[in-house]
Amino acid sequence: MSAMRSLLFVPGDSEKKLGKIEGVPADVVIIDLEDSVTPEKKIAARGLASEYLSGLDAGERRRIWVRINPVDHPEAGADLAAVMPGNPGGIVLPKTRSPDDVELVGRRIGTYEAEHEIKVGSTRILPVATETPQSLFSLGEYARCGPRLAGLTWGAEDLSAAVGATTAREADGSWTSPYRLVRNLCLFAAHAAGVDAIDTLYANFQDPEGLEASCTEARRDGFSGKLAIHPAQVDVINRAFTPSEEEIRHARRVVELFEANPGAGTLALDGAMLDIPHLKQAQKILDRS
Ligand code: COA
Ligand code: MG
């Protein structure tokens, strides 16, 4: 799977917005059947999503993912049945309660893959892993979901509603303490499972500077991509999560220095100490570039 820097949500009930997907350079496009679609429109949206997928060739389908309804929601089964024959690149799973939900959906997906001659295991799963209070207490266990797990992402809105918080934000727009905790747990849980950490969305789509600052902070901390809700956010996100020329140059120098000094655990470069964590960091940057 190539990099998942930008993941753009498109409401599944909007033919107009589905029509824009082709021209948007998002690494992943997530057709949403969950919260952006009202109960009366669920059936129509499912139909549009399936129709959209069937109009694409196999290559184009890799970046089209679908957010189905939560596993314990009555619509979830019908969502999977409708979209799996269209071989989407992955399924976004909202409001997971634990890694068990991912494993359960993984088994169901496997059945559809086998039935529709799709390579078994090729459909990835991205859980929105922090939307229920109980979900926080098994965040460390996602490694057991195996290679279907594409990453972990988080959300504050459903969680804050679930606990009766009046808001998840400080007056300046930053997250309140409980949601900073959740963000940080998601970051470490993803890396504990060996998958990408994907930052939650930036709701104000007319604030590119704020979005960029939020991306810079996320990348600094170890997130490798971010959810998007508007096409205008995609370029900003892609740029922010792509290593700069200067970072790549520096990373190359670090790797070359260690290669030139086999057996050295610590070295000096430009007056600063380098050790193995720096080498790993440099290798990660080169992997992403
Ligand atoms: N995907 C595809 N096209 C989109 C889009 C999206 N997520 N968001 C906006 N567009 C299109 C609009 O249809 C509009 O098209 P037009 O120029 O032909 O009229 C154009 O981009 C500009 O949109 P704009 O007028 O700035 O925004 P809007 O008021 O139409 O829509 C939102 C604002 C927030 C409703 C919309 O961006 C949206 O639906 N986002 C996704 C919401 C979602 O899926 N949420 C679930 C995850 S939390
Ligand atoms: Mg939600």
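Here, each number is a calculation from the coordinates, and none is a lab measurement. For clarity, every value in this text was computed on a predicted model and none was experimentally measured. Cβ placement follows ideal geometry from the backbone for every residue including glycine, while neighbour counts extend to all protein chains displayed.
Assuming charge only on the beta carbon of Lys and Arg (+1) and of Asp and Glu (-1), the dipole of the chain about its Cα centre is about 380 debye to the nearest 20.
3J(HN,Hα) along region 127-141, derived from phi through the Karplus expression 6.51 cos²θ - 1.76 cosθ + 1.60 where θ = phi - 60°, amounts to x, 8, 8, 10, 8, 10, x, 5, 4, 5, 8, 10, 4, x, 10 Hz, with x in place of Gly and Pro.
Only one residue of 250, 203, 64 has its Cα farthest out toward the positive end of the dipole of the chain, where Lys and Arg carry +1 and Asp and Glu -1 on Cβ, and that residue is 250.
Computed from backbone phi with θ = phi - 60° and the Karplus coefficients 6.51, -1.76 and 1.60, the 3J(HN,Hα) list for region 248-258 is 5, 4, 5, 4, 4, 4, 4, 4, 5, 4, 5 Hz; x is used for glycine and proline.
For residue 226, the amide hydrogen comes within under 5 Å of the amide hydrogens of 6, 7, 199, counting only partners 5 or more places away or on other chains and with H modelled in the peptide plane.
Axis of helix 99-115 versus longest Cα principal axis of the chain: the two differ by about 70°, to the nearest ten degrees. Distance from the alpha carbon centroid of region 1-75 to that of region 160-190 works out to 26 angstrom. Amide hydrogen proximity for residue 32: with H placed 1.01 Å from N in the peptide plane, the residues at 5 or more positions away or on another chain lying under 5 Å are 10, 12, 67. Per-peptide packing, taken as the mean over residues of other Cβ atoms within 10 Å, places 94-107, 72-85 in the sequence 94-107, 72-85 from highest down. Only one residue of 268, 33, 189 has its Cα farthest out toward the positive end of the dipole of the chain, where Lys and Arg carry +1 and Asp and Glu -1 on Cβ, and that residue is 268.
If R0 is taken as 22 Å, the Cβ-Cβ distance between residue 122 and residue 235 corresponds to a FRET efficiency of 0.15. A straight Cα-to-Cα reach below 17 Å connects residue 16 with the aspartates and glutamates 32, 51, residues fewer than 8 places away in its own chain not being considered. The alpha-carbon of residue 95 sits under 25 angstrom from the alpha-carbons of these lysines, leaving out residues fewer than 8 places away in its chain: 17, 41, 42, 226. Considering only beta bridges that DSSP places wholly inside the chain, some 15 percent are antiparallel. Each peptide in 242-250, 33-41 gets a packing score, the mean of other Cβ atoms within 10 Å over its residues, and the list from highest to lowest is 33-41, 242-250. Once the Cβ-Cβ distance between residue 275 and residue 3 is put in as r, and R0 is 30 Å, what FRET efficiency do you end up with, to the nearest 0.05? Calculated transfer efficiency: 0.65. With the convex hull of the Cα atoms taken as the outline of region 235-289, the averaged projected area works out to 4.0 nm².
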